[in-house]
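Each remark here refers to the structure printed beneath this line.
The values are calculated or read from the model by the stated rules, or taken from the named source; none is laboratory data. Because the structure is a prediction, the values reported are computed rather than measured. Cβ placement follows ideal geometry from the backbone for every residue including glycine, while neighbour counts extend to all protein chains displayed.
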Amino acid sequence: MSENNEDAVEVRLIDRLIDFFRNPVYIWDIAKKRAFLVLDALARWNPRIGTLYQDQLIHMCGLDVGPSTGPNNLRAVKIAIRRGTSIQTVAQGNGINRTYRFASQDVKNEVEEFMTLPKWSRIRQHLQSELLEHRRRGW
């Protein structure tokens, strides 16, 4: 009858990402916006250029904005991403020497593919400009 029932049950990562970010961006809370920016930064980072350090990731994604500290915000975002999408990231090292990457190159490629789709690319641009405006105000 059916060749492989596992294929029908397995949900692609891109579908899980679409589900995780399904609501309009204007109703996303700060945690969802940060999760989007972290996934985007990890997917677009080229390891041949250099290592992605924790402080770079925190600054690029706006995790240093707000009452909580950047490393705590990053930890919370990683947990939210793992719970919402099952995406695993790897953190190696300690303190300022801590580096980040996806646990799998296949996951990185799929997230990168997701982020290049026109809708999500526009959302990324919107969130980055929102973060830039927030930094300019000095809040």
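When you scan region 90-111, how many residues do you find that are outside any helix (DSSP H, G or I) and in contact (Cβ under 8 Å) with a residue 60 or more places away in the chain? Break it down into steps so the answer makes sense when it comes.
Quick first cut of region 90-111, residues outside any helix (DSSP H, G or I) only: 90-94, 98-104.
If we keep only those that are in contact (Cβ under 8 Å) with a residue 60 or more places away in the chain too, we end up with 102.
Residues meeting the conditions: 1.
Per the conditions (1) more than 13 Å from LEU37 (Cα to Cα); (2) in a helix (DSSP H, G or I); (3) in contact (Cβ under 8 Å) with a residue 12 or more places away in the chain, the sole criterion not satisfied by LYS78 is (1). Scan region 62-75 for residues that are more than 15 Å from ILE96 (Cβ to Cβ), surrounded by 15 or more Cβ atoms within 10 Å (Cβ to Cβ) and either over 15 Å from the mean Cα position of the chain (by Cα) or free of Cβ contacts under 8 Å to residues at least 60 places away in the same chain (or both) and the total you get is 2.
Scoring LEU13 on the criteria (1) of a type outside the set (Phe, Trp, Tyr); (2) crowded, with 16+ Cβ neighbours inside 10 Å; (3) within 11 Å of the chain's Cα centre (by Cα) leaves a single failure, condition (3). Quickly run through region 121-139 and pick out the residues that are over 15 Å from CYS61 (Cβ atoms), surrounded by 11 or more Cβ atoms within 10 Å (Cβ to Cβ) and not basic (Lys, Arg). SER121, the sole residue that qualifies. Screening ALA43 on (1) under 28 Å from LEU132 (Cα atoms); (2) of a type outside the set (S, T, N, Q); (3) part of a loop (DSSP other than H, G, I, E, B) shows it passes everything except condition (3).
Which one of GLY66, GLY50, GLY84 is farther than 17 Å from HIS126 by Cβ, of a type outside the set (Asp, Glu) and in a helix (DSSP H, G or I)?
Numbers: GLY66 fails: in a helix (DSSP H, G or I); GLY50 fails: in a helix (DSSP H, G or I).
Being farther than 17 Å from HIS126 by Cβ, of a type outside the set (Asp, Glu) and in a helix (DSSP H, G or I) holds for just one of GLY66, GLY50, GLY84, which is GLY84.
Annotation: GLY84 fulfils all but one of (1) at pLDDT 95 or above; (2) within 14 Å of the chain's Cα centre (by Cα); the unmet one is (1).
Under the condition of being more than 17 Å from ASN46 (Cα to Cα) and among the aliphatic types (A, V, I, L, M), which residue from region 87-103 is modelled with the highest pLDDT? The residue in question is ILE87.
All told, LEU42 meets the bar of being closer than 13 Å to PHE102 by Cα, within 11 Å of the chain's Cα centre (by Cα) and not small (Gly, Ala, Ser).
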